[in-house]
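> Please see the structure below; I have some questions.
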Amino acid sequence: MHPGFAPALQVLSGPAVAETVTSCVSSDTLMYPYGPKFGDRRTPKADDGASPEIPISVSFSFYSRSYRSLYVNNNGVVSFGVPVNQFTPDSFPLTDGRAFVAPFWADVDNRITGEVCFRQSRDPQLLQRVTADINTYFPHEEFTAAWLFVATWDRVTFYGSKSSKVNTFQVVLTTDGDLSFIMLHYSDIQWTTGAASGGDPHTGLGGIPAQAGFNSGGSKNYFNIPGSRTPSILKISSMSNIKSPGRWAFQVDHFAVPNGCVYNANFLPPGTFFWSDQTCKRRCQCMYGEDGVTCHERGCSLDEACHPASWYHVCQPISRAACQAWGGKHYSTFDGRLYHFQGACTHMLSQLCARPHPSGLAPFQVETESEEPGAAQGAPWTHRVRVTVYGQDIAMARGATGHITVNGIKSLLPVTLLNGKIQVHQNGFSVKVATDFGVEISYDGIQRVEVTVPSTYHNFTCGLCGTLTGDPSDDFQTPDGTLVTSAALFATSWQVKGERRQCAEDQALPSCPSAEQALYSGHDYCGITKMSPGPFAACAQARSQTGLVENCMYDLCMSRGNRTVLCGVLGAYTESCQAANVTVGPWRTDQFCDDEPWRTVVADEQPPKFR
């Protein structure tokens, strides 16, 4: 019993009890099947309760030790040897001998609402499914599952809750008698902390948040999922180490993590740079492939400062600026000026312009090639992005997945050039080019291009991204330094000659009727991005939406409501939100923006309803 709190069971009413009894029913494709119809048992409805000791029919190897029984604990833990009734999580490692898996170690109270259910199985279909999953995530292992164990926390709330917030998550253990694997699934995470752990009873946030990961019982073998015991653990359902948001997979007989590195028991995605000390003197990187983490003596540059980031440190520019191009029609400069034009040509998006004296900065060029006007029923597409840096020519083409062209040669991602001076890798749905001097270019393969530069390039950029002076009024400078007022004239001056047939002059965009502006700016179309509540509400608060609805509305207007345009905008916005570690709620449906071929929305067809 938690000291200082009345038993939560007292708040139960008849309808609440009925809801609890009928919960623990599988309805999420991310999760493995669970619930009474699959033979699941339930843990007792008890404060800090646990199942009885569960004998398992095979030996499960965990950090080189074999176990023949386990406990399912209400507080988000599957333990070996002893139950775990502790409700406020401690940091890993724990050296008290307790070995356990913690999908979400926090103060669960299943007496208020929710169920904790579990079963072990040798069902052939389920074994086939888990075998396929493990071989996908660990292709170098030859694995055939002989047994699995599924434990699910279904719509559980926290101790002391005065809200309707619930969490649903799951752990799957499987083995062939030799190799052992664990998958963690996070369907919906709405709270992080119980009231007795310092959390707010109305929000389930604050205090000491949940811990997720693995603890062997000793001081050396443990693993922390990023965000553990910080507010960021709330975003765990949008993160993954296997490129499947909400799912994590690990080999645990001898601990191994796919698609990344483990450093000091923490996970790092491939390509991640970090500094292992508080003074940022030793730079490390999680290498692609099986090379693990490599470290070298290298400090921050003069324009950077050393900052803590989770459990490590990073060198960050004192400030950064970003420029965006959407579909070759809509642009936002480094200084935040939003403008529009249309044309079919290659343009200089941004480059180093050392005026009037050499700056000592690394030169770079970013060019974009837009589609012919009217292509794909008005869908805004960027045909190609070309990056020139350190003498390397890197081209990213529309629709190309998993590869780029380097100096005219097709190269599979990821790509490392010049001993790491240039890194090109898949970043969600986008391809990202990162340089060692801080300039980064991201392209989603359809329409969105983003160029980010450090503050050292202040007053040394030119092109469609502008001058980076902090003053948007001087962004429309032509290559000869003339300041113009027309967006179309400015764009034409930055056409790249000789790349293709002669380009026509760029033109101002035609106007969109006010009735269509109102329609496509509404919540059933582009306005979904600013709905509150809504799937993008959290991202709208965390990230600037400058021009997003306006650009989306205009492109829908010009394409006569082509769903490809809307889905592309929402997909790109989702990608940018997730890249900033902001959770986006579900917005795709079987009828809208799934994987089927897109149709044009016509007058007698109802648009998708998001309310």
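> At 1.4 Å probe radius, can you tell me the per residue accessible area of segment 33-129 in Å²?
About 38 Å² of surface per residue is accessible.
> May I ask you to list the trypsin sites (Lys or Arg not before Pro) in segment 103-180 that are in a DSSP loop and have at most 13 other Cβ atoms within 10 Å of their Cβ?
Arg122
> Moving on. For the modelled label position 7 Å from the Cα of Ser66 along Cα-to-Cβ, which residues of segment 153-187 have backbone nitrogen atoms closer than 11 Å?
Only 177-178 pass the distance filter.
> Follow-up question, since we're still on this one. Using a Förster distance of 60 Å, how high is the FRET efficiency between Asn85 and Ala362, based on the Cβ-Cβ distance and rounded to 0.05?
0.60
> Taking only DSSP H segments of four or more residues, each worth -39500 (n - 2.57), what value at 222 nm results for the chain once the sum is divided by all its residues, to the nearest 500 deg cm²/dmol?
Theoretical 222 nm ellipticity from helices: -3500 deg cm²/dmol.
> Search the structure for amide H atoms under 5 Å from the amide H of Leu352, placed 1.01 Å from N in the peptide plane, and list their residues when 5 or more places away or on another chain.
Those qualifying (amide H under 5 Å, at least 5 residues apart or on another chain) are Phe364.
> Given R₀ = 25 Å, what would the calculated FRET efficiency be for Ser532 paired with Asp590, taking r from the Cβ atoms and rounding to 0.05?
Calculated transfer efficiency: 0.50.
> How do Asp48, Asp590 rank by accessible surface area computed with a 1.4 Å probe, from largest to smallest?
The ranking, largest first, comes out as Asp590, Asp48.
> Within the accessible area of the chain, what % is carbon and sulfur when the probe is 1.4 Å and the other protein chains stay in place?
Its accessible area is 52 percent carbon and sulfur atoms.
> Note the listed values (1) 26.7, 92; (2) 26.7, 79; (3) 28.6, 117, then indicate which one is Rg and Dmax of the Cα atoms in Å calculated from this particular structure.
It is the one labelled (2).
> What is the spin-label model distance, in nm, from Ala508 to Arg320 if the labels are put 7 Å beyond Cα along the C-beta direction?
The two pseudo-label positions are separated by 3.6 nm.
> Another question, then. Could you please report the charge total around Phe80, scoring K, R as +1 and D, E as -1 over all other residues with beta-carbon less than 12 angstrom from its beta-carbon?
That sum, taken over residues with Cβ under 12 Å, equals +2.
> Follow-up. Just need the relative contact order of segment 155-270 here, percent rounded to a whole number, with Cα pairs under 8 Å and 6+ apart.
22 percent
> Let me ask you something else. By how many nm would the segment from Asn407 to Ala354 grow when fully extended, if each residue of separation counts as 0.36 nm and the alpha-carbon distance is taken off?
Stretched out fully, the Asn407 to Ala354 stretch lengthens by 16.5 nm.
> Quick one: helix 548-558 against the long Cα principal axis of the chain, what's the angle to the nearest 10°, folded into 0 to 90?
60 degrees
> Note the angle between two axes, namely the Cα long axis of helix 124-137 and the longest principal axis of the Cα atoms of the chain, as a number of degrees from 0 to 90, rounded to the nearest 10.
Roughly 40 degrees between the two axes.
> For segment 249-340, run through the trypsin sites (Lys or Arg not before Pro) and keep only the ones in DSSP coil with at most 14 other Cβ atoms within 10 Å of their Cβ.
Lys281
> Counting pairs of alpha carbon atoms under 8 Å apart in space and at least six apart in sequence, what relative contact order in percent does the chain give?
8 percent
> Net charge around Leu489, counting only other residues with Cβ within less than 10 Å of its Cβ (Lys, Arg = +1; Asp, Glu = -1)?
-2
> Starting from the Cα of Asp471, step 7 Å along the direction of its Cβ; do the same at Gln125; then give the gap between the two resulting points in nm.
Each label point is offset 7 Å from its Cα along the Cβ direction, giving 7.0 nm.
> Follow-up. At 0.36 nm per residue, and after removing the present C-alpha to C-alpha distance, how many nm does the segment from Ala46 to Arg398 gain when stretched out fully?
121.2 nm
> Classify segment 461-508: rounded, prolate or oblate, from the alpha-carbon gyration tensor (a ≥ b ≥ c, eigenvalue square roots; a/c under 1.5 rounded; otherwise prolate if a/b is larger than b/c)?
Prolate.
> Here's a follow-up. How high is the relative contact order of segment 375-457, in percent, counting Cα pairs under 8 Å that sit 6 or more residues apart?
Reported relative contact order: 20 percent.
The values are calculated or read from the model by the stated rules, or taken from the named source; none is laboratory data. Everything quoted here is computed from the prediction, not taken from an experiment. A quick note on method: Cβ atoms are made from the backbone with ideal geometry, for glycine too, and the neighbour counts reach across all protein chains shown. Heavy atoms of the whole protein, side chains included, go into the accessibility calculation; ligands, DNA and RNA do not. Shrake-Rupley method; radii C 1.70, N 1.55, O 1.52, S 1.80 Å.
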